[in-house]
Structures are given as C-alpha cells and as structure tokens.
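Note sheet for the following structure.
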Amino acid sequence: MTQLAIKRVNPAGHKSDSVIANGFVFVAGIVPSDRDATLSNQAEQVFSRIDRILLESGSNRSRIVSATVWLADIDDYAPFNQIWNRWIADGEQPARACIGAAIAAKGAKVEVSVTALVDE
C-alpha cells in the first residue's frame, strides 16, 4: 500500500484550515468573522478567507472542483448565487451543493467548504 503525504495547514483546536492530500486541498467549512454583517459582507469575508487558504495551500479558486455551501436561511439562495457568480469566473464553476442548515457558528448566515486541485 502506498503511503500518502498529508499536510495540514493551520491546525488548531479540533480542525485544520485545510488538508492537502493526493493532489487535492480540502478546505474546512469557513464562516465569516463578522456575524452581524449582511449576507453579502459575510460571503465576501468567507470568499476572502478561502482565497487566502487556497493560496497558502498552493492553489487558487480557479482550481476548485467541488464546493458545499450551507445557508442559515435557504431564502438567501438567490442572493447568495449573485455573490457566488461574482467570485467564481464563468467557465470555472465547480460541482456544488447548497443546503439550508443551522450553522454551528452563531450569527453566521453562510458557511462554505471547497476542494481544489493543488500541485504537491
């Protein structure tokens, strides 16, 4: 059996910001820091943090292959998609799921997790 190299980025507490393994970076669910902000501002905070994590991991948003989005209010689906479509370039859309859910981070309107290709 082949041993896979695994690199954990910013491990702290019960999770790492991301884990790099077998040509992919798996980014943990990212929530906004300002939980009193609007959906738009919260999404921008999340996307900015994902961009930083991907860069630290040797990747970028154009290499995202899969994303999972949790919305505290599923009625925010259409407004969130407008924000998402400004962040993800046309032709670079990953496979994506969007779920209405109770987000563990109190006050968070959105949480996003992504998987992207990375050069190891």
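The values are calculated or read from the model by the stated rules, or taken from the named source; none is laboratory data. This one's a predicted model, so the numbers in the text were calculated from it and none came from an experiment. When we count neighbours, we look across all protein chains shown, and the Cβ atoms used for this are built from the backbone with ideal geometry, even at glycine.
Here are the numbers for this structure:
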{"read-out": "Residue within the stretch 90-97 that is surrounded by 12 or more Cβ atoms within 10 Å (Cβ to Cβ) and assigned to a helix (DSSP H, G or I) present", "value": "no"}
{"read-out": "Options Thr38, Thr115, Thr68: the member that is loosely packed, with under 15 Cβ neighbours inside 10 Å and either on the phi < 0 side of the Ramachandran plot or of a type in the set (Gly, Ala, Ser) (or both)", "value": "Thr38"}
{"read-out": "Search result, residues across the stretch 75-89 that are surrounded by fewer than 12 Cβ atoms within 10 Å (Cβ to Cβ) and more than 16 Å from the chain's Cα centre (by Cα)", "value": "Asp75, Ala78, Gln82"}
{"read-out": "Close pairs (8 angstrom Cβ cut-off, 6 or more residues apart or separate chains): under 19 Å from Ile50 (Cβ atoms) in the stretch 73-90, assigned to a helix (DSSP H, G or I) and of a type in the set (S, T, N, Q) anywhere", "value": "Pro79/Ser40; Ile83/Ser40; Ala89/Ser62"}
{"read-out": "Within the stretch 1-31, considering residues that are closer than 23 Å to Ala101 by Cβ and out of contact with any strand residue (DSSP E or B) (no Cβ under 7 Å at 6 or more places or on another chain), the one modelled with the lowest pLDDT", "value": "Gly13"}
{"read-out": "Checklist (1) touching a Pro at 6+ places or on another chain (Cβ under 6 Å); (2) crowded, with 16+ Cβ neighbours inside 10 Å; (3) closer than 12 Å to Thr115 by Cα applied to Ile53, failing item", "value": "(1)"}
{"read-out": "Odd one out for Gly58, checked against (1) at positive phi; (2) modelled with pLDDT of 95 or more; (3) of a type outside the set (S, T, N, Q)", "value": "(2)"}
{"read-out": "Search result, residues across the stretch 102-120 that are among the charged types (D, E, K, R) and in a loop (DSSP other than H, G, I, E, B)", "value": "Lys106, Lys109, Asp119, Glu120"}
{"read-out": "Residue check, Ala37 part of a helix (DSSP H, G or I) and of a type in the set (Gly, Ala, Ser)", "value": "no"}
{"read-out": "Condition met for Ser59 (under 11 Å from the mean Cα position of the chain (by Cα) and of a type in the set (S, T, N, Q))", "value": "no"}
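To keep it simple, each residue is scored yes or no on (1) surrounded by fewer than 16 Cβ atoms within 10 Å (Cβ to Cβ); (2) without any contact (Cβ under 8 Å) to a residue 60 or more places away in the chain; (3) of a type in the set (A, V, I, L, M).
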site: Phe24; (1), (2), (3): no, no, no
site: Val27; (1), (2), (3): no, no, yes
site: Asp34; (1), (2), (3): yes, yes, no
site: Arg49; (1), (2), (3): no, yes, no
